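The values are calculated or read from the model by the stated rules, or taken from the named source; none is laboratory data. The structure presented is a predicted model; accordingly, all values stated were derived computationally and were not measured. Quick reminder, even Gly has a Cβ in these numbers, built from the backbone with ideal geometry, and neighbours come from all protein chains shown.
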Amino acid sequence: MSENNKIGTYKFVAEPFHVDFTGRLTLGVLGNHLLNCAGFHATDRGFGIAALNEDNYTWVLSRLAIELDEMPYQYEEFSIQTWVENVYRLFTDRNFALIDKVGRKIGYARSVWAMISMNTRKPADLHALHGGGIMDYICDEPCPIEKPSRIKTTSTEPLTALVAKYSDIDINGHVNSVRYIEHILDLFPMEMYRAKRIRRFEMAYVAESYYGDELTFFMDDDGGGIYTVEVKKNSGEMVCRSKVIFTEK
């Protein structure tokens, strides 16, 4: 199989309801597109969620790192490429490239996924998936950004809290992974987004949360435009961690 056949390319348009007040695509929408592309790519190759669900398995996102030079502007066409970099026994690395309307690569993303049992919620052996067929799609296409880092927040004073509501919950019955991204971005004031843009954004997902859970947000300002965030549910259990790096426009 050629390397090109291992890469999926999907086209989009920055719709007016997908951009923020600057006219640029929002990170939350980009996150949704990345996850959809992962789903399209996996489905086209026989290991999508629908096929896994038949055997009571599903994919869950463990880590995500996005690094951007710029974002598509309102009404601009853009595309996203995705490919599998590595397959380990319990995790797989999937990468992405964001390509603008003239074909320039303006951003990349790295993600880590696990296949879990819908009954036990524990990871399953990826090498056993379709007799190891997923290994055939490993691709050596470069992804020139750092892998997701270890994130630690020291703050013990909550910045804010919210209760998970209807719009937070996805088809799996838990808070959608992109909703955490949107809630974290809401921690920063409009003035920050007027003066700066996000250069890099990381998420590490630790546990699931559900409708009615209280989510509490803790933040460290590490200086130099770097912020780390932890989200805990019901005053205790860690749900996810994030690192946000801003740069001047």
Flag for D168 being buried (at least 16 other Cβ atoms within 10 Å of the Cβ), on the phi < 0 side of the Ramachandran plot, touching a helix residue (DSSP H, G or I) at 6+ places or on another chain (Cβ under 6 Å) and not small (G, A, S): yes
Check on R197, among the basic types (K, R), touching a residue at least 24 places away in the same chain (Cβ under 8 Å) and under 23 Å from E70 (Cα atoms): yes
Residue match in segment 123-143 (condition: modelled with pLDDT of 95 or more, among the acidic types (D, E) and not in a loop (DSSP other than H, G, I, E, B)): no
Filter result for S149 (in a loop (DSSP other than H, G, I, E, B) and more than 30 Å from L52 (Cα to Cα)): no
Where R110 falls short, out of the listed (1) basic (K, R); (2) part of a loop (DSSP other than H, G, I, E, B); (3) in contact with a Lys or Arg (Cβ under 6 Å, 6 or more places away or on another chain): (2)
